[in-house]
Amino acid sequence: MLLHRISACAALIAAFTISSSAATVIKRATPLDLCTANNERALRIKGSFQFAYNGYKQYAFGHDELLPVSRRFSDSRNGWGASIVDALDTMLIMGLEEDYQQALQFVKNIDFTKSKDPSKGFETNIRYLGGLLAANDLRPNRVLVDKAIEVAERTLLPLFVDSVTPSGKRVKVPYTFMDLNRNAPVISGTINLAEFGTYSMEFTRLSQVTGNSKYKILADGLINAAIEQPTRMPGLFPTSWTVRPFAPVNASTITIAGGGDSFYEYLIKNYILQNKENANLLRIWQNSVESIENYMLSPTVQDPRIQYVAMISNSTVYYSSQELICFWPGNILLGITQTVNSAKQQKYKTFADTFFTSCIETWEKTNTDIAPETWSWTPQDNKLGTRLNNLFGNTLKVEVASTTSKNERKRAVERTFKIGNAIYDLRPETLESVFYYYRLTGDKKYQDLAWKLYLAIESYAKTNAGFTRIDNVDQVPARVQDFQESFFFAETLKYLYLIFADKGCISLNDYVFNTEAHPFKLPQPINYQ
């Protein structure tokens, strides 16, 4: 009987072992399993990606960008194949396996030690390092990690030099450009807030992936030194800083648009990526949001419900803004998840809604239904200028936008802004915020809005070989320029696709996006969607 029991037990163990072994060959769940989308809108957007990327493959493969009108190529990002690296994670999300494998073979052979032109640290970091890290997070591959280390070590770390803050704190600060022919940075006296402030996420994730803390330590020291500097508006800093000493140039521009944007974006995102270890990042981010609303938000004279964000430059208040700021509503929604105070949560949500509605206004009130690069407006009153002058000791001039021409007076009845730079450069920022709103609420009205914006881009920016800049968003038929940005693959089409894919595909509970829309895996999930 004992022998029978032993034999029976052995049989059970063997059966379990066989069963377990069989189970191991079953495909494990991956972050991409929920990303296959078969609805008409998702497939149409995927088709747009394939159309643009096929044009790139035919006329520009291996170069940075396609010139889709002339069907030539451009190498504005050092000739390392920016469109390929920027598109890696989007290919994985859309299930474009053949394109991905071809791209991966190309990535293996990139030589980040060679470039005839200086490499810009900011762009190299967000596009190349960010793209490699995100692709690895979606489908781990040692080649991607090795190339991420290579680009960081060869082109980014050498930018950092010893400096000191006005209070005597030692800090390493990056120059803007790296000359790979001399293997040395291009020396300059000043650096830009958005550019030096946008290493933190990529360096944090590189340390998490490699286990080497030096990258994170370097970026943390820089950001901590920056946010310790005093500023008139809490949480808002001048865009120009000296390298030695490391200090803000107080007479320079204060803006949340180009020159400042991603510094603020990364405060809350890196707080989350670092598993909330540095409470100062959250505090400064909250200060910045409150200061934007208190000191920079300006109701328009035509419709006070539409409120745009002003800027300060050369001691002058300008009622001028950019499409680049329209990521902010989504960023605020993300930050609300990290804000404990319920009154603040509601205040931030109301502000985000106003901000979002105003960004959508700039799309819906042009002849192409596409937002211009920049716009100005006439404020409802002088309260903002007065408030800022009180803060700055009556040292500011106030520049008021006006609509004086006959055509502009006619248009003023229809819209709240005056177009400045009329181009559309395939930008994703408003779509990014639509994505955050949809993922938060699940409300299909945001899908309908995204679809409307997509159709406008499809109608006016599409060429015979890809998509390109529009010369004037208020002119129909639209004239086009000749440049397809790599971020069209990384950001614009990715956000559009994700709005129509399953909400579990690259869940905002599990991933945080860098400023080029490259998703990094969170060490601990958050509760967003």
Sparse-neighbourhood loop hits (trypsin sites (Lys or Arg not before Pro), region 139-173; DSSP loop; Cβ within 10 Å at most 15 others) -> K169
Counting only backbone N atoms under 14 Å from a point 7 Å out along Cα-to-Cβ of R139, the residues of region 29-58 in range are 30-36
Which value, to two decimals, describes the C-alpha radius of gyration of region 227-351 once divided by 2.2 N^0.38 Å? 1.07
The extension gain from A251 to N389, computed as 0.36 nm times the residue separation minus the Cα-Cα distance, is 48.3 nm
Need the C-alpha centroid separation for region 115-193 versus region 244-289, integer Å. 19 Å
Give the cross-link partners of K397 among the lysines, using a straight C-alpha distance below 22 Å as the criterion and excluding same-chain residues fewer than 8 apart. K383, K418
State the Kirkwood hydrodynamic radius of region 97-202 in Å, one decimal place, computed from all pairs of distinct Cα atoms. 14.9 Å
Overall Cα dimensions of region 412-529, principal axis frame, Å, largest first: 47, 35, 22
Taking each pair of distinct Cα atoms in the chain once, what is the resulting Kirkwood hydrodynamic radius in Å? 24.3 Å
If you fit an axis through the alpha-carbon atoms of helix 279-291 and take the longest principal axis of the Cα set of the chain, what angle between them do you get, 0 to 90°, nearest 10? 30 degrees
Expected unfolding gain across E97-V398 under the 0.36 nm per residue rule, minus the alpha-carbon gap, is 102.9 nm
With a probe of 1.4 Å, find how much accessible area region 220-333 has per residue, and write the answer as a whole number in Å². 29 Å²
Using the heavy atoms of the protein chains alone and a 1.4 angstrom probe, what is the accessible area of region 484-529 per residue in square angstrom? 20 Å²
Round to a whole number: what % of the accessible area of the chain belongs to carbon and sulfur, probe 1.4 Å? 51 percent
Before I look further, what does region 158-219 give for accessible area per residue, probe 1.4 Å, in whole square angstrom? 42 Å²
Return the distance in nm (one decimal) between the two label points of a simple spin-label model at R479 and F106, each offset 7 Å from Cα along Cα→Cβ. 3.1 nm
Region 474-520 and region 303-341: distance between their alpha carbon centers, rounded to Å: 20 Å
Can you give the Rg to Rh ratio of region 183-232, both from alpha-carbon atoms, with Rh computed by the Kirkwood formula? 1.04
Angle check, please: helix 429-441 long axis (alpha carbons) against the longest principal axis of the chain (alpha carbons), in degrees 0 to 90, nearest 10. 60 degrees
Any chance you could give the angle, 0 to 90 degrees and rounded to 10, that helix 214-227 forms with the longest Cα principal axis of the chain? 20 degrees
Go ahead and estimate [θ] at 222 nm for the chain from helices alone: -39,500 (n - 2.57) per DSSP H run with n ≥ 4, summed, over the residue count, rounded to 500. -14000 deg cm²/dmol
Want the number for R182 to R72: 0.36 nm per residue separation, take away the alpha-carbon distance, what's left? 36.6 nm
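The values are calculated or read from the model by the stated rules, or taken from the named source; none is laboratory data. Just so we're clear, the structure is a prediction, and the values are computed from it rather than from any experiment. Virtual Cβ from ideal backbone geometry, glycine too; neighbours counted across all protein chains shown. For accessibility, only protein heavy atoms count, side chains too; no ligands or nucleic acids. Shrake-Rupley method; radii C 1.70, N 1.55, O 1.52, S 1.80 Å.
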